[in-house]
Amino acid sequence: MTFKEKLQKLVNAYGVSGDEFRVAEIAAEILKPYVDKVEIDKLGNVVGYKSCGKPGAKKLMLDAHLDQIGFLVTDITKEGFLRFMAMGVDPRMLLGSELNVIPKNGEPIYGIVCSTPPHLQKPGDSAKSVPIDQMLLDVGMPYEQVIEKIEVGDYIAFANDALDLLGDCMSGKSMDDRACFMTIIHALELLGDSEFDCDLIIVGSTKEEVGGHGAMARAYIDKPDYAIAIDVGHAKTADSTPMDRTQEFGGGPIIGFGANSIPKFARKAVEIARAKEIPYQVEAIPAASGTNAWSMQIVEDGISTLVVSLPLRYMHSPVEMLTLSDVYNVGKLLCEFIKSFDGQL
Ligand SMILES: [Zn+2]
């Protein structure tokens, strides 16, 4: 598989927060050739270890989350429609969306979020957004058939596959944050057999969208000295304003500065980006970064954390969009960091 095919396979896999074992299997297969050992833990986290072979080496964790935004079935109506609740999804975009129910056993079941045709709407309806608890999913089957296949508590995810766009761009339902997992893969590809001075712990973590428990558990178990959370950041879109604090799409890795992305660590990343002529941008993150760095920083006696973000348009939608040059440049920065970091800030 090419790099792009691996990215597509990972993005197309299902793994809504709390139900990540399917995507974890795929991520573990992709990671395996680049590390000494891979395992999937009881939370569904994928963990790979790559030793530098030097006694007393510090431990550097690279984390990207594998879970995706999605929904849970909350009720099945007597007419066979599904009610659902969302995790991390903007409900305004949902009417008419194509979703897949992921039953505990069996293949995904395709469904469409019901919408009222314009002809049947009441005056003013088209200007209103519909609350999610009033939406229904139509899986095309009568009640008796639905209850044979689907249960309350089943997960639901966006159904669409990743798409290639012109201009080196791709879009997909869970670029957040699987594209960042692929930036780590790219870093390891580039690293090859080069010498480095830290033991690496690669984590494809779970449950980030609902609280970051996966990364927190791994930080507790693996006790890294340093951890980099690689996650998506908001890239400029057509309607962005300077007040939106968005970053350049295609501008390279975004290096965070703030309490959760500590300046000493961030400055080191900036120095390396400059020295290696990797395009980069900086972002001020005064408090919580909204990434796994927040979950990992206060584990045990504290971990030095850094946030590196990949520019992404339309975050938390079924069509999250990136440019591959950013994916490669984030990978390149991570690789150069690994190669030059001696374990001291
Ligand atoms: Zn994310």
Looking for something over 30 Å from Ser129 (Cβ atoms), basic (Lys, Arg) and exposed (fewer than 14 other Cβ atoms within 10 Å of the Cβ) - is there at least one such residue anywhere in segment 64-83? no
For segment 115-133, enumerate the residues that are exposed (fewer than 12 other Cβ atoms within 10 Å of the Cβ) and in contact (Cβ under 8 Å) with a residue 12 or more places away in the chain. Ser129, Pro131
When segment 13-70 is checked residue by residue, the ones that are assigned to a strand (DSSP E or B), farther than 27 Å from Asn100 by Cβ and β-branched (Val, Ile, Thr) are Val38, Val47
I want to confirm something. Restricting to segment 20-67 and keeping residues that are among the acidic types (Asp, Glu) and under 14 Å from the mean Cα position of the chain (by Cα), which single residue is nearest to the ligand (Cβ to nearest atom)? Asp67
Check Arg92 against each of (1) away from the ligand (no atom under 16 Å from the Cβ); (2) in a loop (DSSP other than H, G, I, E, B) and name the one condition it does not meet. (2)
Residues of segment 246-262 satisfying the condition of being over 20 Å from the mean Cα position of the chain (by Cα) and not β-branched (Val, Ile, Thr): Phe257, Gly258, Ala259
When every residue in segment 71-89 that is assigned to a strand (DSSP E or B) and charged (D, E, K, R) is compared, the one farthest from Cys114 (Cα to Cα) is Asp75
Condition set in a strand (DSSP E or B) and of a type outside the set (A, V, I, L, M), scope segment 294-323, selection surrounded by the most Cβ atoms within 10 Å (Cβ to Cβ): answer is Thr305
Checking the condition under 22 Å from the mean Cα position of the chain (by Cα), over 13 Å from Asp231 (Cβ atoms), away from the ligand (no atom under 16 Å from the Cβ) and of a type outside the set (A, V, I, L, M, F, W, C), which residue from Tyr314, Tyr328 passes? Tyr328
For segment 168-181, indicate whether the set of residues that are out of contact with any Ser or Thr (no Cβ under 7 Å at 6 or more places or on another chain), away from the ligand (no atom under 16 Å from the Cβ) and more than 18 Å from Ala235 (Cα to Cα) is non-empty. no
Do the conditions hold for Glu209, that is, is it closer than 30 Å to Ser289 by Cα, of a type in the set (D, E, K, R) and either within 16 Å of the ligand (Cβ to nearest atom) or modelled with pLDDT under 95 (or both)? yes
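The values are calculated or read from the model by the stated rules, or taken from the named source; none is laboratory data. All values reported here derive from a predicted model rather than from experimental measurement. Note that each Cβ is placed from the backbone with ideal geometry, even for glycine, and that neighbours are counted across all protein chains shown.
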